Amino acid sequence: MRVVEFWCTILVLFALLINGKAEVYIVTMVGEPVISYTGGIPGFEATAVESDETLDATSQLVTSYAQHLEQKHDILLDSLFDRGTYKKLYSYKHLINGFAVHISPDQAETLRRTTDVKSVERDWKVRRLTTHTPQFLGLPTGVWPTGGGFDRAGEDIIIGFVDSGIFPRHPSFGSHNADPYGPLPKYRGKCEVDPDTKREFCNGKIIGAQHFAEAAIAAGAFNPSIDFASPMDGDGHGSHTAAIAAGNNGIPVRIHGHEFGKASGMAPRARIAVYKALYRLFGGFIADVVAAIDQAVHDGVDILSLSVGPNSPPATTTTTFLNPFDATLLGAVKAGVFVVQAAGNGGPFPKTLVSYSPWITSVAAAIDDRRYKNHLFLGNGKILPGIGLSPCTHPNQTYTLVAANDVLLDSSVMKYSPSDCQRPEVLNKNLVEGNILLCGYSFNFVVGTASIKKVSETARSLGAIGFVLAVENVSPGTKFDPVPVGIPGILITDVTKSMDLIDYYNTSTPRDWTGRVKSFNGTGSIGNGLEPILHKSAPQVALFSARGPNIKDFRFQDADLLKPDILAPGSLIWAAWSPNGTDEPNYVGEGFAMMSGTSMAAPHIAGIAALVKQKHPHWSPAAIKSALMTTSTNLDRAGRPLQAQQYSETEAMKLVTATPFDYGSGHVNPRAALDPGLILDAGYEDYLGFLCTTPGIDVHEIRNYTNTPCNYSMGHPSNLNTPSITVSHLVKTQTVTRRVTNVAEEETYVITARMQPAVAIEANPPAMTLRPGASRKFTVSLTVRSVTGTYSFGEILMKGSRGHKVRIPVVAMGYWR
């Protein structure tokens, strides 16, 4: 038997040598997936769902048709290729009809020429887009009480996380201190067992847990010893995002003996369904991510949270809205699943978004009102600002400053970059003990081979009172986040202040003619960096948060669709962490981490959407998105227009007035989103109309990914009924239509419009009265006044007689022709 296996392996390797290196390809097939199959094949009745209708994956009709599609995939591959020359990884049946397969480039070309095949795309990589927030958003007093308090907030809503897995034993996901979680018949997902402990990952709070790694394994990227062939989080990112959206309420955040507050998810009673498709070293592959999404929708999740984005554009598709990833998410939305995606971390530069499509809610990242600062007090009276979540040195006492390079045991250790303070064994404990150790922040910290956590451990092991890390040079855009440490410590991020420290140290440290220190006379003390400072200027758009305008293709042509959609907290967010996690070296082995990224912003919206879904269970994904967007705010807590972090001419960070390309509709307001007054609804056919009306999109490409001909038109893509209006190429006058539906009591709305001077704006009618459940259309006319070569920004404001306010951002660029 082993001889046969050996020769089979040799044959596969020989075939690959002849045909070229095998890769993973995603293949879409002729024929409709479960979600849009309308019948016509003998023996198989229709399985299509209406827009926003939940897919019943347990029905005999669905399971038999899904099996039929999988058989067709297998028959096609068997008819084209010899057994052993390919490996099918997944069959996609519910949201798109296709499969992922590991084959050679020549075999991929054979598939492209096959009549039953619509598209063949080489798989591409994705990456992760990497507490206090509930209070900042007003959830405990303004939102949770309406849902029965925190112990009922998000009850029976299932949030699916396509991420790096979960650490199930974290208290943020525990179920023993809560009311028992009963069974949820609507959820059909399974729960894998940990292969090491033989324990299930699920506990009621965590309702499902699966992992997807076939593409990663086929690509040779998967290492089971660190990536874990289970839903176990080997990175930390997945546990963090799940806790932000749905972690338990009131979990103490303790690190190094200090409590930084209590952490809570946005919807602490919501259930968590884990679909692990991201891994610590390489990110993930679209083939695995699409399989995870397809499974999540099949299983019955209500909300999908995706803190993930592509490393690069797809190889064979030019349209941003049409690829296996976005097409799968369109199917998910058709099945009634609300989809949230991180906007990306490429800011503050324009057109850096990695989330494009109108059926996805794309989330930008804000800095909230909490800032951490610390100070170094020098013996010459100077006070140097810095950051560091550390306790202070003993009050009213100063300590001697000793630089790492001056306390080496042997000059030969210079090859180890001793100023990084990563290796205590190369430093003289007798000279460090009882003093403050001065270290240098080098490039090693930027690339992750050095960490502040390790500096702290070095200083502690040598008996130092504390440490100082001085940044002597810095690249533009380097981001410094405070790190919790157990001893007094501070990072001086301002290069000029670091020079002040170095000058003071050098003048107070006499040396002999060889450069060896005679005596250490410099002194200092470190302040308390554990307490946050609250700012009224919050929220602000974070420097790293990706910016619009949105693009419709990878030639970077502007789309008639605003992105990002909304702004949520995404900077310095405390949440659960996996002790196995290595995504951030400063938190290795810890139970909590403070992270930044649009990865952190997206689960805030996922959790808040769960609260909206709980109150309005029959609302469509578009209705939930509308409620979040139209009630958001474009003012900070002091009542001033939102600001965005941006680079100045000297590449230093500055604040500028933010625009919808920074924040979308504005910063989320959960309390208002529960009672928006009006919603702008849209469904599957509306999204098809948007695609079919967008200039430059190939109708054959639309049919390939949607299985639908372009029988839908809306005149112009700006007429898609979204809670924003974008006209990227405005000539003369253009009139855009919107339809609103009243989800409250009868109310009269007065409609006003305003715009920057280059574009005139008018809304009609000026007022409308709507009964409960009624819908009305209104128009917005935009006219070019002057051509400036830049976008003009404005808004439609609808003020209701019962106090509701509905705000719709307007964006347009004028041209003479």
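Would you check if Phe321 is of a type in the set (Phe, Trp, Tyr) and open to solvent by less than 10 Å² (accessible area, probe 1.4 Å)? It is true that Phe321 is of a type in the set (Phe, Trp, Tyr) and open to solvent by less than 10 Å² (accessible area, probe 1.4 Å).
Okay, residues lined up against (1) touching a strand residue (DSSP E or B) at 6+ places or on another chain (Cβ under 7 Å); (2) open to solvent by 40 Å² or more (accessible area, probe 1.4 Å); (3) assigned to a loop (DSSP other than H, G, I, E, B):
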{"position": "Thr708", "(1), (2), (3)": "no, no, yes"}
{"position": "Ser713", "(1), (2), (3)": "no, yes, yes"}
{"position": "Val740", "(1), (2), (3)": "yes, no, no"}
{"position": "Ala763", "(1), (2), (3)": "yes, no, no"}
{"position": "Arg776", "(1), (2), (3)": "yes, yes, no"}
{"position": "Ile796", "(1), (2), (3)": "yes, no, no"}
{"position": "Val810", "(1), (2), (3)": "yes, no, no"}
{"position": "Met813", "(1), (2), (3)": "yes, no, no"}
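The criterion of being touching a helix residue (DSSP H, G or I) at 6+ places or on another chain (Cβ under 8 Å), at pLDDT below 95 and either open to solvent by 40 Å² or more (accessible area, probe 1.4 Å) or more than 19 Å from Glu121 (Cα to Cα) (or both) holds for Leu55. The residues of the stretch 788-817 that are more than 30 Å from Leu674 (Cβ to Cβ) and within 36 Å of the chain's Cα centre (by Cα), listed by number, are Thr788, Gly789, Thr790, Tyr791, Ser792, Ala812, Met813, Gly814, Tyr815.
Only helices (runs of 4 or more DSSP H) whose full extent lies in the stretch 202-251 are considered here, and the ones with at least 1 residues that are open to solvent by less than 10 Å² (accessible area, probe 1.4 Å) and in contact with a Pro (Cβ under 6 Å, 6 or more places away or on another chain) are 237-246. Each residue in the stretch 69-104 was checked for being in a helix (DSSP H, G or I), of a type in the set (Gly, Ala, Ser) and either closer than 30 Å to Val333 by Cβ or under 28 Å from the mean Cα position of the chain (by Cα) (or both), and 0 pass.
From the list Ile226, Ile217, the lone residue that is more than 23 Å from Ile573 (Cα to Cα) and touching a Lys or Arg at 6+ places or on another chain (Cβ under 7 Å) is Ile226. Does Val699 fit the bill of being of a type in the set (A, V, I, L, M) and modelled with pLDDT of 95 or more? No.
For first residues located in the stretch 504-523 and farther than 12 Å from Asp406 by Cβ, partners that are open to solvent by less than 80 Å² (accessible area, probe 1.4 Å) and hydrophobic (A, V, I, L, M, F, W, C) and lie 6+ apart or on another chain with Cβ distances below 9 Å form the pairs Tyr504/Leu378; Tyr504/Leu401; Ser508/Leu401; Ser508/Phe520; Asn521/Leu401; Thr523/Leu378; Thr523/Leu401; Thr523/Ile436. Among residues that are more than 22 Å from Ala365 (Cβ to Cβ), of a type outside the set (Lys, Arg) and open to solvent by 10 Å² or more (accessible area, probe 1.4 Å), Pro585 is not included.
When Gln295 is tested against the conditions (1) open to solvent by 10 Å² or more (accessible area, probe 1.4 Å); (2) at pLDDT 95 or above; (3) under 18 Å from the mean Cα position of the chain (by Cα), the lone failure is (3). Do the conditions hold for Val495, that is, is it in contact with an Asp or Glu (Cβ under 7 Å, 6 or more places away or on another chain), surrounded by fewer than 24 Cβ atoms within 10 Å (Cβ to Cβ) and not assigned by the TED database to the domain that holds Val363? It is true that Val495 is in contact with an Asp or Glu (Cβ under 7 Å, 6 or more places away or on another chain), surrounded by fewer than 24 Cβ atoms within 10 Å (Cβ to Cβ) and not assigned by the TED database to the domain that holds Val363. Of all the criteria given as (1) more than 30 Å from Glu259 (Cβ to Cβ); (2) in contact with a strand residue (DSSP E or B) (Cβ under 9 Å, 6 or more places away or on another chain), the one not satisfied by Phe467 is (1). Out of curiosity, is Gly664 in the same structural domain as Ala270 (by the TED database) and closer than 24 Å to Arg370 by Cα? Criteria met by Gly664. Going through (1) more than 30 Å from Gly98 (Cβ to Cβ); (2) of a type in the set (Gly, Ala, Ser); (3) at pLDDT 90 or above one by one, Ser225 falls short only on (3).
Do the conditions hold for Gly696, that is, is it open to solvent by 30 Å² or more (accessible area, probe 1.4 Å), out of contact with any Gly (no Cβ under 7 Å at 6 or more places or on another chain) and of a type in the set (Gly, Ala, Ser)? Yes.
For the stretch 350-391, a residue qualifies if it is open to solvent by 10 Å² or more (accessible area, probe 1.4 Å), part of a loop (DSSP other than H, G, I, E, B) and among the β-branched types (Val, Ile, Thr), and the qualifying residues are Thr352, Val354. Only one of the numbered conditions (1) surrounded by fewer than 13 Cβ atoms within 10 Å (Cβ to Cβ); (2) among the small types (Gly, Ala, Ser); (3) at pLDDT below 85 is violated by Gly477, and that is (1). For Thr633, the conditions (1) in contact with a His (Cβ under 6 Å, 6 or more places away or on another chain); (2) open to solvent by 30 Å² or more (accessible area, probe 1.4 Å); (3) closer than 30 Å to Phe282 by Cα all hold with the exception of (3).
Residues that are assigned to a helix (DSSP H, G or I) and aliphatic (A, V, I, L, M) were ranked within the stretch 54-68; the one that is nearest to Lys613 (Cα to Cα) is Val62.
The values are calculated or read from the model by the stated rules, or taken from the named source; none is laboratory data. These figures come from a predicted structure and were not determined experimentally. Every residue, glycine among them, receives a Cβ derived from its backbone with ideal geometry; neighbour counts consider all protein chains shown. Just so you know, the surface numbers come from the protein's heavy atoms only, side chains and all, with ligands and any DNA or RNA stripped out. Shrake-Rupley method; radii C 1.70, N 1.55, O 1.52, S 1.80 Å.
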